[in-house]
Amino acid sequence: EEIILSAQKAINLGYKTILWSKDTIDWRDKSKKVVYNRATKGISGGDIVLMHPKEHTLEALPDILEYYKQKGLAIVTVSDCIG
């Protein structure tokens with residue numbers, strides 16, 4: 001119920017509440033391989049992948065993007081995704 005009230009407050013202020021469908025937990029697990037696996041396992045169109053500006057995430061990113069490209073997925077901004 002508290003989450004619903006928070007979301008309604010955001011709407012009242014003209015904001016949208018965005019949640020991710022994939023969490024790489026890259027802030028905790030500092031492994032390029034772990035980040036890659038979490039960002040690619042079961043990925044599908046419309047998924048929002050949460051990543052942070054961490055060195056190991058940056059190292060994994062080219063491989064993650066290549067995987068998405070091979071799967072025919074488009075990389076878009078959150079604004080484009082929800083628009």
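The values are calculated or read from the model by the stated rules, or taken from the named source; none is laboratory data. As the structure is a prediction and not an experimental result, all values here were calculated from the model. Every residue, glycine among them, receives a Cβ derived from its backbone with ideal geometry; neighbour counts consider all protein chains shown. Surface accessibility is based on the protein's heavy atoms, side chains included, excluding ligands, DNA and RNA. Shrake-Rupley method; radii C 1.70, N 1.55, O 1.52, S 1.80 Å.
Accessible surface calculations at 1.4 Å, restricted to protein heavy atoms, place the chain at 77 Å² per residue. The angle between the Cα long axis of helix 2-12 and the longest principal axis of the Cα atoms of the chain comes to about 80 degrees, rounded to the nearest 10. Using a simple spin-label model with pseudo-atoms 7 Å out from Cα toward Cβ, Lys30 and Ala10 lie 3.0 nm apart.
Computed in the context of the full set of protein chains, the accessible area of the chain at 1.4 Å probe radius has 57% of its extent on carbon or sulfur. Counting charges near His56 (Lys, Arg +1; Asp, Glu -1) among other residues having Cβ under 14 Å from its Cβ returns a value of +1. Using a cut-off of 25 Å between Cα atoms, the listed pairs Lys33/Lys71; Lys33/Lys54; Lys9/Lys41; Lys16/Lys69 include Lys9/Lys41; Lys16/Lys69 as exceeding that distance. Considering only alpha-carbon pairs that sit under 8 angstrom and 6 or more positions apart, the relative contact order computed for the stretch 19-83 is 35 percent. Counted over the chain with a bin width of 10 Å, the fraction of Cα pairs per bin, in whole percents, is 17, 41, 28, 15, 0.
Charged neighbours of Ile25, selected by a Cβ distance under 11 Å, balance to +2 (K, R count +1; D, E count -1).
Potential lengthening of the chain between Lys69 and Ile82 amounts to 2.7 nm, from the contour at 0.36 nm per residue minus the alpha-carbon distance. Estimated from helical segments only, the mean residue ellipticity of the chain at 222 nm is -14500 deg cm²/dmol, where each DSSP H run of four or more residues counts as -39500 (n - 2.57). Which shape class, rounded, prolate or oblate, goes with the stretch 1-40 when its Cα gyration tensor gives a ≥ b ≥ c as root eigenvalues, a/c under 1.5 marks rounded, and past that a/b bigger than b/c marks prolate? Cα axes put the stretch 1-40 in the prolate bin.
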